[in-house]
Amino acid sequence: MAKGCLLFAGLFCFCVVFAGCGKPGDENNDVTVNPPTDPVDVPVDEKTDEPAAEDKAAAPAGDVELTAVSWEQMQAIIAENKGKVVVLDAWSTSCGPCMKEFPNLVALHNKYADGDVVCLSMSVDYDGIPGKPPEYYRERVLKFLTKMNSTLQNYQLNQEATEWFDSVELGAIPAVFVYGRDGELKKRFDNDSITKSDEAFTYEQVNQLVEELLAK
């Protein structure tokens with residue numbers, strides 16, 4: 001059964017597991033519904049109805065592109081950037097925490113756009129539902145990226161999400177993979193082992209590691 005952020009009776013509801021969204025296909029959850037099809041909006045401040053503070057870090061309007069890739073192709077892209085620090089953010093439009101923290105990736109890209117850091121975003125929206133191929137999710141993924149002015153390198157995983165979660169031994173998103181200049185994975189930030197929501201990783205920790213790797 002599905003575990004994560006899913007659609008039921010036309011209502012967009014989020015199931016947050018310690019500030020993360022679980023992988024689809026988890027049988028420990030009693031919700032069986034399809035992914036949301038409603039337009040995805042940028043998180044807003046409920047008091048002012050303005051973009052949340054994190055969103056104000058978005059880059060100036062520019063070209064936003066989205067390319068479908070396999071996980072193997074994603075690894076090749078990372079390898080091509082050997083010599084630089086690479087930050088890969090795995091996220092989904094069905095994951096509230098993912099969208100909330102996404103502006104931090106955009107801000108990191110803006111800070112090092114002309115430097116030695118490469119920021120990559122990878123949507124894992126595709127979950128293998130019959131009749132809903134990866135292309136089915138492209139429009140809404142691209143819509144969110146456009147609202148975020150995500151002019152960094154954006155990718156959409158064309159591998160079924162559950163298979164990918166299992167292949168990388170990951171239980172939930174958001175997750176951020178940080179690779180050193182040698183092309184090796186230095187740390188994966190995720191919330192798999194936390195027991196309380198306040199233990200969830202933050203982009204401050206991601207940024208700190210990036211700075212440490214740049215200083216080496």
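Report the calculated FRET efficiency for ARG181 and LYS143 (r = Cβ-Cβ distance, R0 = 25 Å), to the nearest 0.05.
The computed FRET efficiency comes out at 0.15.
Given points 7 Å out from each Cα along the Cα-Cβ axis, report the GLU211 to ASP192 separation in nanometres with one decimal.
2.8 nm
Pop out the carbon and sulfur fraction of the accessible area of region 68-216 as a percent, whole number, probe 1.4 Å.
Ligands and nucleic acids excluded, carbon and sulfur give 46 percent.
For region 130-173, what does the accessible surface come to per residue with a 1.4 Å probe? Please give it in Å².
Accessible surface, normalised per residue, equals 45 Å².
Pull out the extension gain between GLU72 and ASP166, defined as 0.36 nm times the separation in residues minus the alpha carbon to alpha carbon distance; nm, one decimal.
Length gained between GLU72 and ASP166: 32.4 nm.
Over the Cα atoms of region 139-179, each weighted equally, I'd like the Debye log10 I(q)/I(0) at q = 0.15, 0.22, 0.24 Å⁻¹, rounded to two decimals.
-0.49, -0.93, -1.01
Over the alpha carbons of region 99-216, what is the largest minus smallest coordinate on each principal axis, giving the biggest first in Å?
On the principal axes, region 99-216 reaches 48, 34, 29 Å in Cα extent.
If you plug each phi of region 198-204 into the Karplus form 6.51 cos²θ - 1.76 cosθ + 1.60 with θ = phi - 60°, what whole-Hz ³J(HN,Hα) values come out, in order, with x for Gly and Pro?
Going residue by residue, I get 6, 8, 4, 5, 10, 6, 4 Hz, with x marking Gly and Pro.
Given LYS82/LYS143; LYS82/LYS187; LYS100/LYS186, which pairs have Cα atoms separated by over 20 Å?
LYS82/LYS143; LYS100/LYS186
The values are calculated or read from the model by the stated rules, or taken from the named source; none is laboratory data. Note that this is a predicted model, so its numbers are computed, not measured. As a convention, Cβ positions derive from the backbone with ideal geometry for all residues, glycine included, and neighbour counts pool all protein chains shown. Heads up: the accessible areas ignore ligands, DNA and RNA and are worked out on the full protein's heavy atoms, side chains in. Shrake-Rupley method; radii C 1.70, N 1.55, O 1.52, S 1.80 Å.
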